[in-house]
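A short write-up of the structure that comes next.
The values are calculated or read from the model by the stated rules, or taken from the named source; none is laboratory data. This one's a predicted model, so the numbers in the text were calculated from it and none came from an experiment. Ideal geometry is used to build each Cβ from the backbone, glycine not excepted, and the neighbour counts take in all protein chains shown. Remember, those area values only see protein heavy atoms, side chains included, never the ligands or the DNA or RNA. Shrake-Rupley method; radii C 1.70, N 1.55, O 1.52, S 1.80 Å.
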Amino acid sequence: MNTWMKDPIERRQFITNAAKTLLGVSALPVGVHARPTVATGGKAKRVIYLYMAGGMSQLDTFDPKPDNRAVQGPVSAIKTKLTGERFSEYVPRLAAMADKFATVRSLVSTQGAHEQGTYFMHASYIMRGTIRHPGLGAWIQKLDGVHNERLPASVTIGGGSRGIGAGFMESRFSPLAIGNPRQGLQNSKLPPHVNNNTFEDRLDLADAFDRNFHKTYNLKQTRAYKDMYTDAVKLMKSKDLEAFDITKEPKNIQEAYGDNNFGQGVLLARRLIENDVRFVEVTSGGWDTHTNNFTSVPDKAEELDQALSTLLKDLDSRGLLDETLVVVATEFGRTPEINSNDGRDHSPTGFTCLLSGGGISGGQVYGKTDENGKHATDNEVTVPQFNATIAHALNLPLDHVVMSPSGRPFTVAHKGKPVMDLFG
Amino acid sequence: MKKMLSALLVCFLCRAFAGVEQHPPQSAINGLMNEYYAAQKVTPLPAISDQTFVRRAYLDIAGRIPTYEECTTFLGSKDPYKRDKLVDDLLDSPAFNSHMFNWWADLLRLKSRLSNQIPGGQEYIDWIKQCIEDNVPFDQVVYALITAEGYPHENPATGYYMRDTGMPLDNMSNTAQIFLGTQLQCAQCHDHPFDDWTQKQFYELAAHTYGVQTRIRPQNQEAFQGVMEHARRERMQASRDGDRAMFRAFQEIFAPFAFGAKESIRPLRLPKDYQYDNGKPNETVEPRVIFGEAAATSKGVPARESYANWIISPENPRFTKVIANRMWKKVMGLGLFEPVDDFTSEREITHPKLLDYLSTLMTDVDYDLKEFLRTLYKTDLYQREKNTKDIRHDETWHFTGPIMHRMTAEQIWDSMMTLAIKDLDTKSGPRVTQRYGDLEARAKNLKGKSSEEIFTMAKDLADLEKGLITKQASLRQRAQDMGNDPAERRRLAREQNQYQRERRIKTNEILGIDQGGGEMMGASMMSPNPRNRMEQQFVRASELPSPAQNGHFLRQFGQSDREVIENANTEASVPQVLAMMNGQFSQNLLHERSMLRRTVSEGDGLTEMIDRLFLTVLSRKPDASERQIIAQQFKKRGKMAMQDITWALVNTQQFVFIP
């Protein structure tokens, strides 16, 4: 039993279960589904998902067009580890280790606005007014359970208010949100003037005052709160809490990830997945470069370049890269045209995402865009396909139907087919 | 509208005459319940004490726990009718309006910011708040929402459609779900698998509102056309491909008219892959209601008005029952049918007579929700003890008492605030400003301006942009020449930001807009002083941006994200408990400046101080065994015991549940 979050079974849920039988779809309890027998991917146990919020310019990062000055602007291209492939000058470290990840240059989204694009990228379904779809973290927990029941199954770090969480699933499938990675888990430490004895004492007092209340009310929900206090206190004292504390890392490691919120968030993500948190998303904001593209992107790219290159090396040296899928994603790319504010506008017809570890075969560039970097021309990868690739790396059953409380059927990655060429 | 008013008047008169000899409606409900208990051979739960009542009534009606004064005033009163009087007083308090807003916000998915581009979220929220304050009857609010026409600065109810911009079919599904308790989402793509609705019916219903356009194209803007004509005379190619600066200038000027709810002729067609025999793919669908008769589809009545009239008609078999049941659930904790938004025709109703009576009552009070709630809060049932054990799924709750729940996120927040500060209910919160600032001021500024004047304005804006191109070019050149020096890059970024800010200020000057708005795009207007900033957030949940940001105390405790209908939850989680034990708010309560500490310190002697503490936090005095525990704590910890006990009370479960 996952003790992180408990919930009362809603009457609505009861109706959902009835609906499952009516529709004749699988009502197998989660966790006992038949595993796909062919497991060509399926090595990943967890995911670090780096999200470039606002729309990362493919031209100024991983898909430059150095021969087309009109679209490239002031950015030059540099050689990568892969023969014949070039990245922008803003990601030198990643260029030097391009053999460690797959560069997918042919992402195509149907959504050109931030909110809708972000939603689609995370949920694989188009945003609607009548339902919220779950994000990948919730899907992993729903289809494959938790690996460390003292910690949440999924965590988001530095995410804005657009975070996609449990969707229609119960709230225990929601990711835990961490605002500032340097502060770790909010409120998990005693206030400065309270020592442990005082704390214990106060807990006993609260218990004593509640004795009559608990004698009178024996409800699932009141018991859940009692358990939650026990769990929270346990967590405060447990070793697991250290997973949230990046100050436990050696100074040189902290520095290697970059002295900025994103870099430190990536470091926190590594600590969390080491403790078997299954899905950690770290958001890097500020990619919406309608203005001043050529001064904003270098800063953002530098953060990504430093944090991701360090992460891949770090995971590799710890022997974790095989079991950990690292994703770099964004809602769309940006236009080849440079506007009058020296910026680039939204362009969802051909943009770049990265995949590494978890059975992905590194050192390949998959798909390409036209000479302007506007449209994907080769091996187009749709958003559901991209997410199906992630789900396949995790060995999740792509056809397992989960019903929403209103009785509508949904699958992880919305019937997208995984891009098998990306696996080794 | 006129017809509606006269109908209201007639109803009112009927009620006025009938009311003289009738018993109050709560007696009728009491009678029905007693009849039911006898038939089912069940015994109702005992009546609650005054101290349970005062806490329950404050939380349910005012949305927060009572203060020490409020609590002791009630408990000390000898008036035999004091419960009814408290219900009346609370219903007429601003606290009730605040609490009621949360209910509306969950139902209509009210968001302070609809999106980066779409304005009107705050205006829509303010409009709903005004309706609550004016106690506009529910059916009239619904009518105003469904028939909303215009721009947000003229008619903020247009937010009902703008909330679902680009998703007109979803908007209709939501209408059916909220107001008719009818779930049609399935039928959007295929015949409903376990209800009667066909996909064709879905489209026929949607055809009533499909003509509503929310994204208004410049060509459709009247004011715009004159200016465009002028532009043509001046041989301007104000388009994306032509004079882009001019194009953007027009966009900026006409921003208040870019979104709204405008009726247009837009036929709804069956989908390309329509698979049933009752229609052909791509066939145009005529509006038709899914049950009952459409109200007055006579000539001259637009589809949307007849649709709205059909929805709110007392003859509509679902509208009245659904809202009556929602109110019943709000008071008693469980609907007479559940889920409250899925009232299928074959749904088993355990108390059919009661549901019928509640529907009659709802029409009798002319959909005045406050009046309806007043009756429910005065029933015997509301004032009974609650269930002490879980109700099994296969079990029918006989309503021998209301249902036990945890406080909502908003009730917990508002209660914590009650402990922290004074005069909570009258404090207003930070306003969320929108990208285009004050739409009304902008629109007003345009009114009365001739095409020539607006054209000049646009030209000035375009010239401003063009004039700044040199500055822009030099910044750009420097960006190109710049090496990889981060300090230099930061310096340049600062200059660029400064440039953007100046540009915004000059733009506002040309538009004639007050510099206050518009500049802080989407951010809350915050005081620069951190202390004031913190205190600006110490307001009732209804006064904070909707929804609160991710990770906020309110969201941790399950406040709805206001993305789907009624999406709040009251589930327990570890982060909640951590917040209660170690969070800033719990610490604030222990601070000597908190309302709680000040109330306690006014007590004369230790016993009274402890009484005050218990009454303030739990609305009751400690019992004998608790007094013993307290005495021991003082023996052990001396003066520090007061803080320990305070902390402990806030961390009890009886604090967050509503017995």
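Here B:Asp139, B:Asp195 are screened, and the one residue that is open to solvent by less than 30 Å² (accessible area, probe 1.4 Å) and either touching a Lys or Arg at 6+ places or on another chain (Cβ under 7 Å) or outside any loop (DSSP other than H, G, I, E, B) (or both) is B:Asp139.
Can we say A:Val266 is more than 8 Å from chain B (Cβ to nearest Cβ), in contact with a strand residue (DSSP E or B) (Cβ under 6 Å, 6 or more places away or on another chain) and not in a helix (DSSP H, G or I)? No. Tell me, please, whether a residue that is away from chain A (no Cβ under 11 Å), surrounded by 19 or more Cβ atoms within 10 Å (Cβ to Cβ) and in a loop (DSSP other than H, G, I, E, B) can be found in the stretch B:610-619. For the stretch B:610-619, residues away from chain A (no Cβ under 11 Å), surrounded by 19 or more Cβ atoms within 10 Å (Cβ to Cβ) and in a loop (DSSP other than H, G, I, E, B): present. Of the residues making up the stretch B:241-281, those that are in a loop (DSSP other than H, G, I, E, B), farther than 22 Å from B:Thr165 by Cα and open to solvent by less than 20 Å² (accessible area, probe 1.4 Å) number 2.
With respect to the conditions (1) among the small types (Gly, Ala, Ser); (2) outside any helix (DSSP H, G or I); (3) touching a Cys at 6+ places or on another chain (Cβ under 9 Å), B:Ser112 lacks only one, and its number is (3).
Looking at the stretch B:539-572 only, could you name the residues that are among the small types (Gly, Ala, Ser) and not in a loop (DSSP other than H, G, I, E, B)? Residues satisfying the conditions are B:Ala541, B:Ser542, B:Ala572. Selection of the stretch A:215-224 for residues being outside any loop (DSSP other than H, G, I, E, B) and open to solvent by less than 40 Å² (accessible area, probe 1.4 Å) yields A:Gln221, A:Thr222, A:Ala224. Within the stretch B:379-394, the set of residues being within 14 Å of chain A (Cβ to nearest Cβ), open to solvent by 40 Å² or more (accessible area, probe 1.4 Å) and either touching a residue at least 24 places away in the same chain (Cβ under 8 Å) or closer than 17 Å to A:Asn218 by Cα (or both) comprises B:Glu385, B:Thr388, B:Lys389, B:Asp390, B:Ile391, B:Arg392, B:His393.
Quick grid of which residues meet (1) more than 16 Å from A:Thr352 (Cβ to Cβ); (2) open to solvent by less than 30 Å² (accessible area, probe 1.4 Å); (3) within 14 Å of another protein chain (Cβ to nearest Cβ); (4) free of Cβ contacts under 8 Å to residues at least 12 places away in the same chain:
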{"position": "A:Gly42", "(1), (2), (3), (4)": "yes, yes, no, no"}
{"position": "A:Gly55", "(1), (2), (3), (4)": "no, yes, yes, no"}
{"position": "A:Val71", "(1), (2), (3), (4)": "no, yes, no, no"}
{"position": "A:Leu94", "(1), (2), (3), (4)": "no, yes, no, no"}
{"position": "A:Val104", "(1), (2), (3), (4)": "no, yes, no, no"}
{"position": "A:His114", "(1), (2), (3), (4)": "yes, yes, yes, no"}
{"position": "A:Met121", "(1), (2), (3), (4)": "no, yes, no, no"}
{"position": "A:Ser124", "(1), (2), (3), (4)": "yes, yes, no, no"}
{"position": "A:Met127", "(1), (2), (3), (4)": "yes, yes, yes, no"}
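Testing B:Arg109 on (1) touching a strand residue (DSSP E or B) at 6+ places or on another chain (Cβ under 7 Å); (2) of a type outside the set (S, T, N, Q); (3) on the phi > 0 side of the Ramachandran plot, one condition comes back false. Which one is that? Against the list (1) touching a strand residue (DSSP E or B) at 6+ places or on another chain (Cβ under 7 Å); (2) of a type outside the set (S, T, N, Q); (3) on the phi > 0 side of the Ramachandran plot, B:Arg109 comes up short only on (1).
Answer yes if at least one residue in the stretch B:409-430 is open to solvent by 10 Å² or more (accessible area, probe 1.4 Å), within 14 Å of another protein chain (Cβ to nearest Cβ), β-branched (Val, Ile, Thr) and touching a helix residue (DSSP H, G or I) at 6+ places or on another chain (Cβ under 8 Å), and no otherwise. Scanning the stretch B:409-430, I find no residue that is open to solvent by 10 Å² or more (accessible area, probe 1.4 Å), within 14 Å of another protein chain (Cβ to nearest Cβ), β-branched (Val, Ile, Thr) and touching a helix residue (DSSP H, G or I) at 6+ places or on another chain (Cβ under 8 Å), so the answer is no. Each residue in the stretch A:346-365 was checked for being within 25 Å of A:His114 (Cβ to Cβ) and of a type outside the set (A, V, I, L, M, F, W, C), and 6 pass.
Give the residue that is most open to solvent (accessible area, probe 1.4 Å), with candidates limited to residues of the stretch A:225-259 that are more than 10 Å from chain B (Cβ to nearest Cβ) and either among the β-branched types (Val, Ile, Thr) or in contact with a Pro (Cβ under 6 Å, 6 or more places away or on another chain) (or both). First the steps, then the outcome.
Kept after step one, since they are more than 10 Å from chain B (Cβ to nearest Cβ), are these residues of the stretch A:225-259: A:237-259.
Still in the running and either among the β-branched types (Val, Ile, Thr) or in contact with a Pro (Cβ under 6 Å, 6 or more places away or on another chain) (or both): A:246-247, A:253.
Working: A:Ile246: 4, A:Thr247: 91, A:Ile253: 37 Å².
Ranking the candidates gives A:Thr247 first.
Working only within the stretch A:213-224, note down all residues that are over 27 Å from B:Ala631 (Cα atoms) and facing another protein chain (nearest Cβ under 8 Å). Steps first, please.
Our first condition is that a residue be over 27 Å from B:Ala631 (Cα atoms); within the stretch A:213-224, this holds for A:218-224.
Result: A:Asn218, A:Leu219, A:Lys220, A:Gln221, A:Thr222, A:Ala224.
Taking the criterion of being open to solvent by less than 50 Å² (accessible area, probe 1.4 Å) and modelled with pLDDT under 75, the residues of the stretch B:457-472 that qualify are B:Leu468, B:Gln472.
Taking (1) surrounded by 21 or more Cβ atoms within 10 Å (Cβ to Cβ); (2) within 9 Å of chain A (Cβ to nearest Cβ) in turn, B:Met640 satisfies each apart from (1). Screening B:Thr607 with (1) β-branched (Val, Ile, Thr); (2) within 14 Å of chain A (Cβ to nearest Cβ); (3) assigned to a helix (DSSP H, G or I); (4) open to solvent by 20 Å² or more (accessible area, probe 1.4 Å) gives one miss only, at (2).
Just to verify a result, which residue in the stretch A:188-212, among those that are in a loop (DSSP other than H, G, I, E, B), open to solvent by 40 Å² or more (accessible area, probe 1.4 Å) and not basic (Lys, Arg), is farthest from the other protein chains (Cβ to nearest Cβ)? Steps first, answer last, please.
Looking only at the stretch A:188-212, we keep the residues that are in a loop (DSSP other than H, G, I, E, B), and these are A:188-195, A:210.
If we keep only those that are open to solvent by 40 Å² or more (accessible area, probe 1.4 Å) too, we end up with A:189-190, A:192-193, A:195.
Applying the additional criterion that residues be not basic (Lys, Arg) yields A:190, A:192-193, A:195.
Values: A:Leu190: 6, A:Pro192: 10, A:His193: 9, A:Asn195: 11 Å.
Checking each candidate, the answer is A:Asn195.
Of everything listed in (1) within 30 Å of B:Tyr436 (Cβ to Cβ); (2) modelled with pLDDT of 95 or more; (3) open to solvent by less than 20 Å² (accessible area, probe 1.4 Å), the single unmet condition for B:Tyr151 is (2).
Taking the stretch A:336-356 as the range and being open to solvent by 10 Å² or more (accessible area, probe 1.4 Å) and in a loop (DSSP other than H, G, I, E, B) as the test, the residues that pass are A:Glu337, A:Ile338, A:Asn339, A:Ser340, A:Asn341, A:Asp345, A:Pro348, A:Thr349.
Every residue in the stretch A:246-283 that is charged (D, E, K, R) and at positive phi, please. Please lay out each step first, then the result.
Residues of the stretch A:246-283 that are charged (D, E, K, R), as a first pass: A:248-249, A:251, A:255, A:259, A:270-271, A:274, A:276, A:278, A:281.
Passing the criteria: only A:Asp276.
Please report, ordered by residue number, the helices (runs of 4 or more DSSP H) entirely within the stretch B:44-94 with at least 2 residues that are over 20 Å from B:Gln411 (Cα atoms).
Values: elements: B:50-57, B:68-76, B:82-91.
Once the helices (runs of 4 or more DSSP H) in the stretch B:44-94 are filtered for at least 2 residues that are over 20 Å from B:Gln411 (Cα atoms), what remains is B:68-76, B:82-91.
Going through the stretch B:554-570 one residue at a time, which ones are closer than 28 Å to A:Arg202 by Cβ and open to solvent by less than 20 Å² (accessible area, probe 1.4 Å)? Result: B:Leu554, B:Phe557, B:Gly558, B:Gln559.
When the residues of the stretch B:103-120 are narrowed to those that are more than 13 Å from chain A (Cβ to nearest Cβ) and open to solvent by less than 10 Å² (accessible area, probe 1.4 Å), which ends up modelled with the lowest pLDDT? Within the stretch B:103-120, the match that is modelled with the lowest pLDDT is B:Pro119. Looking across A:Asp370, A:Asp276, one residue alone is surrounded by fewer than 22 Cβ atoms within 10 Å (Cβ to Cβ), over 15 Å from the mean Cα position of the chain (by Cα) and in the same structural domain as A:Ala123 (by TED's automatic domain parsing). It is A:Asp370. Scanning the stretch A:111-120 for residues that are modelled with pLDDT under 95 and either in a loop (DSSP other than H, G, I, E, B) or of a type outside the set (Val, Ile, Thr) (or both) gives A:Gln111, A:Gly112, A:Ala113, A:His114, A:Glu115, A:Gln116, A:Gly117, A:Tyr119.
The stretch B:319-407 holds helices (runs of 4 or more DSSP H) entirely within its bounds, and those carrying 1 or more residues that are in contact with a helix residue (DSSP H, G or I) (Cβ under 7 Å, 6 or more places away or on another chain) and among the small types (Gly, Ala, Ser) map to B:319-332, B:352-364.
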